[in-house]
Amino acid sequence: MENFEIITKIRIYKESDYPDSKKELLNRAKITALNAYAPYSNYYVGAAVLLEDGTIITGNNQENAAYPSGLCAERTALFYANANYPDKAVKAIAIAAYNKGGYSKDVCTPCGSCRQVLVEVENRYSLPIEIIMYGEGQIYEVDSIRDLLPLSFGKDSMG
Ligand code: THU
């Protein structure tokens with residue numbers, strides 16, 4: 001029997017120390033969260049996707065009375081980006097959530113389905129996607145979705 005360890009390194013910034021050069025993407029995620037359609041959960045998520053040419057695409061969660069018909073903010077933004085800019089690689093995504101009258105203090109991390117889609121997008125463009133996760137006052141960053149979804153299933157898994 002053998003063991004191996006999987007180590008995830010997460011950069012943690014205080015919001016006050018966050019580099020100016022990255023604030024625009026984060027702010028776009030925060031603002032976009034306010035336009036989410038989330039009457040059932042009241043959890044308003046925004047995502048901002050940075051493409052390789054500097055274009056920023058935003059999206060937010062879109063809920064539905066028939067719950068599974070809704071979609072998360074990350075996939076709304078990623079699918080729009082891939083639909084309209086299929087030749088532009090995705091470099092980064094920022095995610096923020098607003099609920100109970102303020103931005104969530106808990107860092108907003110992508111759900112399992114969004115992680116799987118992020119793996120697909122990384123594979124599609126052969127470029128790691130930086131994931132920027134916001135909670136009020138703090139920011140978590142990882143350099144690739146592989147840090148959040150190790151041993152993932154992707155196109156190479158099928159031989
Ligand atoms: N949600 C997102 O938009 N992104 C996530 O990564 C987590 C969850 C949405 C889905 C649903 O509309 C609401 O947040 C509560 O789960």
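Quick notes
- J(HN,Hα) series, the stretch 43-49, from Karplus relation 6.51 cos²θ - 1.76 cosθ + 1.60, nearest Hz, glycine and proline x: 10, 9, 10, x, 10, 10, 10
- The overall shape of the chain is rounded: from the C-alpha gyration tensor, with semi-axes ordered a ≥ b ≥ c, the ratio a/c is less than 1.5.
- SER144 long-range amide H proximity, modeled H, under 5 Å: ILE131
- Among the lysines of the chain, pairs that are 8 or more positions apart or on different chains and have alpha carbons within less than 14 Å of each other number 6.
- Residue-normalised accessible area of the stretch 11-158, given per residue in Å² at a 1.4 Å probe: 51 Å²
- The helix-based estimate of mean residue ellipticity at 222 nm for the chain, built from -39,500 (n - 2.57) per DSSP H run of four or more residues and divided by its residue count, is -8000 deg cm²/dmol to the nearest 500.
- Solvent-accessible area of the chain (1.4 angstrom probe, protein heavy atoms only): carbon and sulfur portion equals 51 percent.
- For the stretch 126-131, the Karplus equation 6.51 cos²θ - 1.76 cosθ + 1.60, evaluated at θ = phi - 60°, returns couplings of 6, 9, x, 9, 6, 10 Hz by residue, with Gly and Pro reported as x.
The values are calculated or read from the model by the stated rules, or taken from the named source; none is laboratory data. Source: prediction; values computed, not measured. For accessibility, only protein heavy atoms count, side chains too; no ligands or nucleic acids. Shrake-Rupley method; radii C 1.70, N 1.55, O 1.52, S 1.80 Å.
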